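Participant: Could you have a look at this structure, given as structure tokens, before my questions?
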Amino acid sequence: MTTIAIIGAGKGLGLAVARRFAREGFAVALVARNQDRVDALAAELRQDGHSAAGYTANVRDPESIRHALERATEELGPIEVLQYSPLPAKEYMRPVLETTEADLVGPIEFSVYGAVAAARQAIPGMRAIGHGTLLFVNGASAVRPADRVTGTSVAFAAESAYAQLLHEALAPESIHVGQLIIPFGIDDGQDAHASEAVAEHLWSMHTDRGDFRRYAEALSD
């Protein structure tokens, strides 16, 4: 059995992705800052007969990410799929003229340093099994910067660049790197925006591979 590790796992999209991959035989490592939360999510999955466990990590602390993924590999099996989808903090979203250099430290640590640490920890295991997938999930500001969310606009752009470079470098090794842009509020009442629908996009990215970037919905003009 191989594992999907979901960094930034929550009861919405994270749990939906966990269930989608678990139905295909994956073990599930749920990674977030709150141990009680990921333990509760893992318990739901185990009640349905799936293999799952929760691990704590703060994406602004690279060592905690490395430790969580190492434990997940030891306890659940090699990581075949890594999803990096932590939810940005509200304080990262300031207007551009109010943003100082200090205001960008958190977003960069969150979106770039955490992503690099997670990828570097997971890639050797993917190489060992001969294939793998890294999935990066971002909002629209990753490709269309917006004045009101300067921190995520800057940090998501950097994360996107890193992920695309990984896509190009790892493709010859049968390791697919993809980015899903979600330009809407998940679970906002529309069926196409439900967590389960987005999880299906991510499953398709893993199975179909293809281009680096996909959109859960076309960006509005």
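The values are calculated or read from the model by the stated rules, or taken from the named source; none is laboratory data. Treat the numbers as computed from the prediction; the structure is a model and nothing was measured. Using ideal geometry, Cβ is built from the backbone for each residue, glycine included, and neighbour counts are taken over all protein chains shown. Ligands, DNA and RNA are excluded from the accessible area calculation, which covers all protein heavy atoms including side chains. Shrake-Rupley method; radii C 1.70, N 1.55, O 1.52, S 1.80 Å.
Participant: Ordered by packing density, taken as the mean number of other Cβ atoms within 10 Å over each peptide's residues, highest first, how do 117-123, 151-157 rank? Don't skip to the answer; put the middle values down first.
Facilitator: On the way: 117-123: 21.9, 151-157: 23.7.
Order by mean packing, descending: 151-157, 117-123.
Participant: Something else: Sum -39500 (n - 2.57) across every DSSP H segment of at least 4 residues in the chain, then divide by the residue count to get the 222 nm mean residue ellipticity, nearest 500.
Facilitator: Working: 7 runs with 93 residues, N = 221.
Estimated from H runs of four or more residues: -13500 deg cm²/dmol.
Participant: For the chain, what is the accessible area per residue in Å² when the probe is 1.4 Å?
Facilitator: I get 46 Å² per residue for this part.
Participant: Mean Kyte-Doolittle of at least -1.0 and a Cα length of 27 Å or more along the axis: which whole DSSP H helices of the chain meet both? List each step's numbers first, then the result.
Facilitator: On the way: long enough: 150-170 (30 Å, 0.51).
Helix filter hits for the chain: 150-170.
Participant: Shifting gears a bit: Return the carbon/sulfur percentage of the accessible area of the chain, one whole number, probe 1.4 Å, all protein chains in place.
Facilitator: Numbers: 5070 of 10240 Å².
That fraction is 50 percent.
Participant: Only Lys, Arg, Asp and Glu count, each charged at its Cβ (+1, +1, -1, -1), so figure out the dipole size of the chain about its Cα centre, rounded to 20 debye.
Facilitator: Numbers: 19 positive and 29 negative charges, 47 e Å.
Charge dipole of the chain: 220 debye, to the nearest 20.
Participant: Can you list the residues, at least 5 places off or on another chain, whose amide H is less than 5 Å from the amide H of His176, using H built in the peptide plane?
Facilitator: Long-range HN contacts for His176: Gly132, Thr133, Leu134.
Participant: Around Asp208, under 12 Å between beta carbons, what's the net of Lys plus Arg minus Asp minus Glu among the other residues?
Facilitator: 0
Participant: Please list, in order along segment 136-141, the HN-Hα scalar couplings obtained from phi with the Karplus expression 6.51 cos²θ - 1.76 cosθ + 1.60 (θ = phi - 60°), rounded to whole Hz, x for Gly and Pro.
Facilitator: Working through the residues one at a time gives 10, 10, 9, x, 5, 5 Hz.
Participant: Given Pro107, Gln121, Ala89, which one lies farthest toward the positive end of the charge dipole of segment 87-134, if we put +1 on the Cβ of every Lys and Arg and -1 on the Cβ of every Asp and Glu?
Facilitator: Among Pro107, Gln121, Ala89, the one farthest towards the positive end of the dipole of segment 87-134 is Gln121.
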